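Report on the structure given below.
The values are calculated or read from the model by the stated rules, or taken from the named source; none is laboratory data. It should be emphasised that the depicted structure is a prediction, and the values quoted were computed from it without experimental measurement. So basically every Cβ, Gly included, is an ideal-geometry build from the backbone, and we count neighbours across all protein chains shown. SASA here: full protein model, heavy atoms, side chains in, ligands and nucleic acids out. Shrake-Rupley method; radii C 1.70, N 1.55, O 1.52, S 1.80 Å.
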Amino acid sequence: MAEVTLATLDVSQTADVLVRAVARELAAAGIETPRVDAEILVAHAAGVSRGDLQHAALLGRAVLADQEQVDRLRSLATSRAERLPLQHLTGTAPFRHVELEVGPGVFVPRPETEVVAQVAVDEALRVVAERGSVVVVDLCTGSGAIAVAIAQEVPRAQVHAVELDAAAHAWALRNFERLAPGVTLVRGDARTALSALDGRCDVVVSNPPYVPTGAVPKDREVAEHDPAVALYGLGADGLEVPRGVTRAAARLLVPGGLYVMEHAEVQDAGARQMVDATGDFEGIHTRPDLTGRHRMVVARRSSARIVEDSSS
C-alpha cells in the first residue's frame, strides 16, 4: 500500500493514518515534536479535542467530516512545515491551567515562564494568607499569561498588568476579558507606569525582552515570528530593558515585597548584578526552571531607600 502523503489525504482515512502522514511531513521539515504537532493540527482541523482524536486513532475511526476539513488540514500541515508557529495556526497557547489566545504580534508564552508564574503565585498566596489580600504587578505582560495565572489562582489578588506594544496589548485585553476580567491592564512604559501604586505592591513579576542585540534565536519560529519588541532587551548584554523594569519594581514594591524576573540561561550572573546595582534589593538569588537551567532572578525589596526618602 502506498504511503499516505499530504497530497493524498482524504476524508475516509483514519485518525491514525492522518496523524502519521502529517508527522512524517513535519519530521522531514525538522520539527522537533512532529507527532505531538501532528495530533494538535489534525484535531484542530477536525474540530475535536486532542483526547478525542487519540481515542479515534485507537479505534481506527475517521475524524474529518468533509473535503473542506481535508483541505484545512493540508494547509495547516504545510504552514507548520514552513515553520509557522503551531500556536499561530491554532490561535491558542496553553499556559498552566488555561488556553490563551495568541497570534501574530504577540510573544507566544513558553513552558519555562510557567515556573516564573509559580514563584509569583506562591508569594501572592502567602501574602493573602497573612493579610487577606495582595497587590501584584506584571510588567511587560505580552499575552497576559502571568497575570491571568495569578488572577485565576490567587483569590483576593488585585492584579495590574502593563504592556507598551499596541499589538500585544490587544491580545492581552482579549485574554483578560475572557479569562481574568478583574485584571487592570495599562498600555504604557513598564519603567514609568502605575506611579499611583509606588510603594504599595507586594509582588512584581516580569518576563521582559532580554535577548542581546545582534543575537538571533536558534528557533525559526521565534526568530521569524515572535515580535522583535518582545525579544530584544537592548544593550550588549540584552539587559537594558530589564534594568528599567528592575528600577520600576524597586519603585513599586513595599519593603519586603518580592521581585521575580525571567532571563536567559547565560544571564544569571548579569541579572543578579543588575538587581544588586540598584541598592534596593536583598536576598538576591537565581532559581532554575523545570529543566534545571538558571532562568529567573528573585529578590526582596529592602527598606533602605524608603527610609532615606522619608528623612529627606
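If you count the DSSP beta bridges with both ends in the chain, what percent of them are antiparallel, to the nearest 5? In the chain, approximately 45 percent of DSSP beta bridges are antiparallel ones. Which one of Val119, Val4, Ala93 has its Cα pushed farthest toward the positive end of the charge dipole of the chain, where Lys and Arg give +1 and Asp and Glu give -1 at the Cβ? Going by the Cα projections, it comes out as Val119. Note the angle between two axes, namely the Cα long axis of helix 240-252 and the longest principal axis of the Cα atoms of the chain, as a number of degrees from 0 to 90, rounded to the nearest 10. On a 0 to 90 degree scale, this one is about 60.
For the chain, the longest principal axis of the C-alpha atoms and the axis of helix 111-131 are separated by about 50°. Given N residues in the chain, what is its alpha carbon radius of gyration divided by 2.2 N^0.38 Å? It is 1.13. Helix 268-277 and the longest principal axis of the Cα set of the chain meet at an angle near 30°. Average accessible surface for the chain: 45 Å² per residue, computed with a 1.4 Å probe over protein heavy atoms with every protein chain in place. Mean separation of Cα pairs under 8 Å and 6 or more residues apart, divided by the residue count, gives region 14-121 a relative contact order of 23 percent. Charging the Cβ of each Asp and Glu at -1 and of each Lys and Arg at +1, and nothing else, the dipole of the chain about its Cα centre rounds to 380 debye. Convex hull volume of the Cα atoms of region 15-82, normalised per residue: 64 Å³. Taking the accessible area of region 94-301, probe 1.4 Å, and keeping the other protein chains in place, the carbon and sulfur fraction comes to 54%.
Packing, taken as the mean count of other beta carbons within 10 Å per residue, orders the peptides 248-257, 164-173, 8-17 from highest to lowest as 248-257, 164-173, 8-17. Of the GluC sites (Glu not before Pro) found in region 32-114, those that fall in a DSSP loop while having at most 13 other beta-carbon atoms within 10 Å are Glu32, Glu82.
Charged side chains reduced to their Cβ positions (Lys and Arg at +1, Asp and Glu at -1) give region 92-213 a dipole of some 160 debye around its Cα centre.
Placing +1 on the Cβ of every Lys and Arg and -1 on the Cβ of every Asp and Glu, with nothing else charged, gives region 15-82 a dipole about its Cα centre of roughly 140 debye.
The phi torsions of region 283-299, fed into the Karplus equation with coefficients 6.51, -1.76 and 1.60 and a -60° offset, translate into couplings of x, 6, 8, 9, 10, x, 8, 5, 9, x, 7, 6, 10, 8, 10, 10, 7 Hz, rounded to whole numbers, with Gly and Pro shown as x.
Would you be so kind as to identify which of Ala172, Leu58, Ile31 lies farthest towards the positive end of the dipole of the chain, taking Lys and Arg as +1 and Asp and Glu as -1 on Cβ and the Cα centre as origin? Farthest along the dipole direction, towards plus: Ala172.
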